[in-house]
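Only the coordinates and a few stated rules stand behind these numbers; no lab work does. The shown structure was predicted, so the numbers you read here are calculated from the model rather than taken from an experiment. Counting neighbours? That spans all protein chains shown, and the Cβs are built from the backbone with ideal geometry, glycine included.
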């Protein structure tokens, strides 16, 4: 009986020890995963800061890769970006082995690994662990996958695939849904950054084209036989452009306009200035282009004779600006 009791006690003690060992291991894994998730969240925050500051796609992925391996807890990471034809044009990595040079060369040649092909086919995140050794057999990074497992995600926004991102992570985290969501969030942040960079490039290109078109238009206006200006019209007049004939027919100079008010420079007599300014502004305020034309306006200058001009304003749609035209009709009155 004593022997039996000793056996039972020993067995119970063994169970308690096993229970404690299992719980300690679970706690260590939980603590390890908690630390890993904290690193992931810090990494996402750091990448978001990079996204806000960097407007070069190649520099962006290089900095992101370095940050994610140094501070995120990933063993290694690579990003491949596509050009407009859907071919890999840029590759960045961090924490990779010597075999990565061959891997990068194959990506640029269009030989994509199994994980990347699955992402391109599903447009979704995929995981690879040691169970995929056969599919990864020809991959230069096979040893990394076996040791750590890999997670691969599309970099996609607004139905445009900008590239693919993959990381080597600890095998115990490979199938964790929270891990997948956080990795997908990283990929989505990069995708939105590329979309934003693309929009900014298009905006700059459109602005450049508009400036070039404007230069071309102004060159044409420079040589018209009438005076032309682009300006706002109110109690003061702000000019964006004027050709030489605009100044010639009003008999004024650029310096005079820059230093004074249009109405005061052109119409010296205060009483007549108020009359003509009110007439012009009232006609403009009707919004009717047919009323924005004035014939044989007399302009008097001290020491000069009276000369006459015709003027017409053309509203620019969706703008406060107008095209102001003027021509001298003094000789026509003779």
- Message: I'd like the FRET efficiency for residue 302 and residue 215, computed as 1/(1 + (r/R0)^6) with the beta carbon distance as r and R0 of 35 Å, rounded to 0.05.
- Response: 0.35
- Could you sort 75-81, 302-308 so that the peptide with the highest average Cβ count within 10 Å comes first and the rest follow in order? 75-81, 302-308
- Item | Largest to smallest principal axis extent of the C-alpha atoms in the stretch 182-252, angstrom | 70, 29, 11
- Using alpha-carbon positions, the gyration tensor of the stretch 131-285 gives root eigenvalues a ≥ b ≥ c; with a/c under 1.5 called rounded, otherwise prolate if a/b exceeds b/c, else oblate, the class is prolate
- Message: If packing is taken as the average number of other Cβ atoms within 10 Å across a peptide's residues, how do 162-168, 230-236 rank, most packed first?
- Response: 162-168, 230-236
- Query: Where a ≥ b ≥ c are the square roots of the eigenvalues of the C-alpha gyration tensor, would you call the stretch 224-333 rounded, which needs a/c under 1.5, or, failing that, prolate if a/b is larger than b/c, or oblate?
  - Reply: rounded
